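Chemist: One structure, as structure tokens, below. Some questions next.
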Amino acid sequence: MASTVALDLNLTALSGESRPLHEWVTTFHLASVVLDPYTNESSWVLNTATRVLDTFRGADVRVNLVVTCGPDEAKQFLGPLTEQFMVFCDPDRTFVQGLGLATLPALVFVQGNGNVAAAEGWNPAEWKLVAKQIANTTSWLAPVIPESGDPSPFHGTPALG
């Protein structure tokens, strides 16, 4: 995993709007959960991921889901979550590759200066550390991780497919 990301890397919203990363983080950092909709592992953590992101809704961070597919597949995988969260599509996995992720799902915190913190797979202790970093940076309270109903820890799947 990279400790920084190139801010000129493009990120495309579900609507099709594509901008360089530096434009998405001009006002707020990004708190993202990166998912591969073609794997069971990403579906196993979906409820936990949205719970974690919901915790940061009022913080100075743009909560979002990044899915490694196109818009139609994202809508099919996420269903009504596309109305509740900002969603980015990364069908070529260029964002995933730019972050240096090896395993999905992942909780990723991208700061306005390009610094990155990430937890790969579903490792509650690692997700908790990233969530605490988001909370400390934004002066917010971190969510409880793990919580009753969260899945058992699992490694995840290869990030580049």
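The values are calculated or read from the model by the stated rules, or taken from the named source; none is laboratory data. If you're wondering where the values come from, they're calculated on a predicted model, not measured in any experiment. Note that we place each Cβ from the backbone using ideal geometry, even for glycine, and neighbour counts take in every protein chain shown.
Chemist: Looking only at segment 123-133, how many residues end up being β-branched (Val, Ile, Thr) and not in a helix (DSSP H, G or I)?
Modeler: Looking only at that region, the number is 0.
Chemist: When the residues of segment 1-17 are narrowed to those that are within 17 Å of the chain's Cα centre (by Cα) and of a type in the set (Ser, Thr, Tyr), which ends up modelled with the highest pLDDT?
Modeler: Going through the qualifying residues, I end up with Thr12.
Chemist: Within segment 102-122, work out how many residues are in contact with a strand residue (DSSP E or B) (Cβ under 7 Å, 6 or more places away or on another chain), on the phi < 0 side of the Ramachandran plot and in a loop (DSSP other than H, G, I, E, B).
Modeler: Residues in segment 102-122 being in contact with a strand residue (DSSP E or B) (Cβ under 7 Å, 6 or more places away or on another chain), on the phi < 0 side of the Ramachandran plot and in a loop (DSSP other than H, G, I, E, B): 4 in total.
Chemist: How about segment 63-111: which of its residues are free of Cβ contacts under 8 Å to residues at least 24 places away in the same chain and of a type in the set (Gly, Ala, Ser)?
Modeler: Result: Gly70, Gly79.
Chemist: Another question about this same structure. Please verify whether Pro20 is touching a Cys at 6+ places or on another chain (Cβ under 7 Å) and surrounded by fewer than 17 Cβ atoms within 10 Å (Cβ to Cβ), treating the condition exactly as stated.
Modeler: Answer is no for this residue.
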